[in-house]
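Chemist: Dropping the structure in here first, questions after.
Rule-based calculations on the coordinates, nothing more; no lab input. Predicted, not measured: the structure shown is a model, and the values here were computed from it. Don't worry about glycine lacking a Cβ; one is built from the backbone with ideal geometry, like all the others, and counts go over all protein chains shown.
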Amino acid sequence: MVVHICCSVDSFYYIKKLKEELPNEKLIGFFYDPNIHPYSEYYLRMLDSKRSCEDLGIQFIEGSYDFENWFNSVRGLEKEPEKGARCKVCFDTRLEETAKKAQELGESKITTTLLMSPKKDFSQLQSSANLVERKYGVEFAFFDFRKGGGTQAQFAMAKEKNAYKQNYCGCMFALNNQREIQQRSTSELYSDLNNKVLPNSIEERVKIYEQVVDLEKENRPYKIEKRNFINYRLLWGKVTADKQTVRSHILPYSHASQKRFQTHFFSLQDLKLTFEDLKNMSFQEEMKLREKLGFDNFDFSVVILLENIENVKYKVELKSEIFNDTRETLTIQLLYLVI
């Protein structure tokens, strides 16, 4: 049986239950989710789904990330709500590809871990299942493991296995709708121009779960915890003088809450730094530089670096966001050898 996998939170428990229900069935995990955006989020969910299959002792296959085809298939349905018409098209697309993979592998049965998700509509999934059964001649195995406390057991197992728990279904349209309701920005879709790893970005989580894979291979104990903190995103900013743009660098946590604000300028020459040095600094290194210049983590003053500070009037335009957030942290526990 080919098991379509959407994420590790669902796959850990759903595949475990499948193995209990069908002890003689050969299970093959198939990760096909081109609906997930951006690619870094897709990669993270694929990585952790693969980890779940390895933990459960079944084969794992990654499908293609043909995001453009998926995007075209849902064109015109961007504003549909969760469980609306866009979701139905999305299920059709993913289950059809799963049926094709089953035919390619010579398997006659398919199922999906989407059945485990409490946010998915069973009737939509059943409709998509009926479609692929008629079109491809495969049998769709429909299991409801959510009932009888299954959802609670699923979340408990996901916590025990340190599964990556995503905060949106994967579709950027659903994310936009979700953030509009929450009156928050879609920070998951923001990336730094210099490819720096931003706090609580998807890229930061990728690094954590890549470490988790390595630690588990080495049988080293670890702990993932969530901590509250004040997050920051610079959306755009520029410095001009005499209507000419001045090359500048805005340090993290520079935030202007009003139209008029004070700006602190520093010269790179005085600091013996270059713009190339700043480009190669990590976010954490920039925060250390900010602290070195006299601004602590709770000071949101606007701090801007220029190559030289001239005796001219500078105009600063800046838009940024500061918001309460929760980030995952990885603690590697030490092993002590007792002699």
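Chemist: So how far apart, in nm, are the two label points at Asn194 and Ile230 if each is 7 Å from Cα heading toward Cβ?
Modeler: Here the answer is 2.3 nm between the modelled labels.
Chemist: If you count, for each residue, the other Cβ atoms within 10 Å and average over each peptide, how do 4-17, 315-328, 128-141, 162-175 line up from highest to lowest? Walk me through the numbers on the way to the answer.
Modeler: On the way: 4-17: 25.3, 315-328: 13.9, 128-141: 17.0, 162-175: 19.4.
Highest mean packing first, the order is 4-17, 162-175, 128-141, 315-328.
Chemist: Right, another one. 7 Å from Cα along Cα→Cβ at both Lys315 and Gln59: what's the point-to-point distance in nm?
Modeler: 6.5
Chemist: Could I ask something else about it? Given a cut-off of 18 Å, name the pairs among Lys159/Lys226; Lys165/Lys223; Lys50/Lys196; Lys243/Lys315; Lys17/Lys88; Lys272/Lys319 whose C-alpha atoms lie farther apart than that in the structure shown. Could the numbers behind the result be given before it?
Modeler: On the way: Lys159/Lys226 12 Å; Lys165/Lys223 15 Å; Lys50/Lys196 26 Å; Lys243/Lys315 9 Å; Lys17/Lys88 25 Å; Lys272/Lys319 28 Å.
Among Lys159/Lys226; Lys165/Lys223; Lys50/Lys196; Lys243/Lys315; Lys17/Lys88; Lys272/Lys319, the Cα-Cα distance tops 18 Å for Lys50/Lys196; Lys17/Lys88; Lys272/Lys319.
Chemist: How many angstrom separate the Cα center of region 1-53 from the Cα center of region 134-168?
Modeler: Cα centres, region 1-53 to region 134-168: 9 Å.
Chemist: Give me the distance in nm between label points sitting 7 Å out from Cα along the Cα-to-Cβ direction at Lys292 and Asp270, one decimal.
Modeler: Calculated label separation equals 1.5 nm.
Chemist: Can you list residues from other chains, or at least 5 along the same chain, whose modelled amide H is less than 5 Å from the amide H of Tyr222?
Modeler: Under 5 Å from the amide H of Tyr222: Gln333.
Chemist: Name the residues whose placed amide hydrogens come within less than 5 Å of the amide hydrogen of Ser254, ignoring near sequence neighbours (fewer than 5 apart) on the same chain.
Modeler: Val303
Chemist: How much FRET efficiency would the formula 1/(1 + (r/R0)^6) give for Glu82 and Lys135, where r is the Cβ-Cβ distance and R0 is 25 Å, rounded to 0.05?
Modeler: 0.45
Chemist: Which value results for Rg/Rh of region 163-202 when Rg is the Cα radius of gyration and Rh the Kirkwood radius based on the inverse mean 1/r? List each step's numbers first, then the result.
Modeler: Details: Rg = 11.3 Å, Rh = 11.3 Å.
In region 163-202, Rg relative to Rh is 0.99.
Chemist: A follow-up question, please. Cα axis of helix 8-21 to longest principal axis of the chain: angle in degrees, 0 to 90, nearest 10?
Modeler: Helix 8-21 sits at roughly 20 degrees to that axis.
Chemist: Still on this structure, I have one more. Below 8 Å between Cα atoms, with a sequence gap of 6+, how large is the relative contact order for region 2-189 in percent? Numbers along the way, then the final one.
Modeler: Numbers: 252 pairs, mean separation 56.8, N = 188.
Dividing the mean separation by the residue count of region 2-189 yields 30 percent.
Chemist: Can you give the angle from 0 to 90° between the axis of helix 283-292 and the longest principal axis of the chain, with both taken from C-alpha atoms, to the nearest 10?
Modeler: With rounding to tens, the tilt is 30 degrees.
Chemist: Normalising by the residue count of the chain, find the relative contact order in percent from Cα pairs under 8 Å and 6+ residues apart. It would help to have the intermediate numbers written out before the result.
Modeler: Working: 498 pairs, mean separation 62.1, N = 339.
Over the chain, the number comes to 18 percent.
Chemist: If amide H atoms are built 1.01 Å from N in the plane of the peptide, which residues on other chains or at least 5 residues away come under 5 Å of the amide H of Val197?
Modeler: Residues meeting the amide H criterion: Phe283.
Chemist: Quote to one decimal, in nm, the extra length available between Asp277 and Gln182 on full extension: 0.36 nm per residue of separation minus the C-alpha distance between them. If you can, show how the numbers build up before the last one.
Modeler: Numbers: separation 95, 0.36 × 95 = 34.20 nm, distance 3.78 nm.
Additional length available on full extension: 30.4 nm.
Chemist: Right, here's the next one. Quote the relative contact order of region 231-325 in percent (integer), defining contacts as alpha-carbon pairs under 8 Å separated by 6+ residues.
Modeler: 53
Chemist: Helix 150-160: angle to the longest alpha-carbon principal axis of the chain, degrees 0 to 90, nearest 10?
Modeler: So the helix axis and the longest Cα principal axis differ by about 50 degrees.
Chemist: Further question on the same structure: Using only the alpha-carbon atoms, what does region 231-325 span along each of its principal axes? Please give whole angstrom values in decreasing order.
Modeler: 38, 31, 20
Chemist: What area, in nm² and to one decimal, does the C-alpha convex hull of the chain cast on average over all directions?
Modeler: With the hull built on Cα positions only, its mean projection is 23.4 nm².
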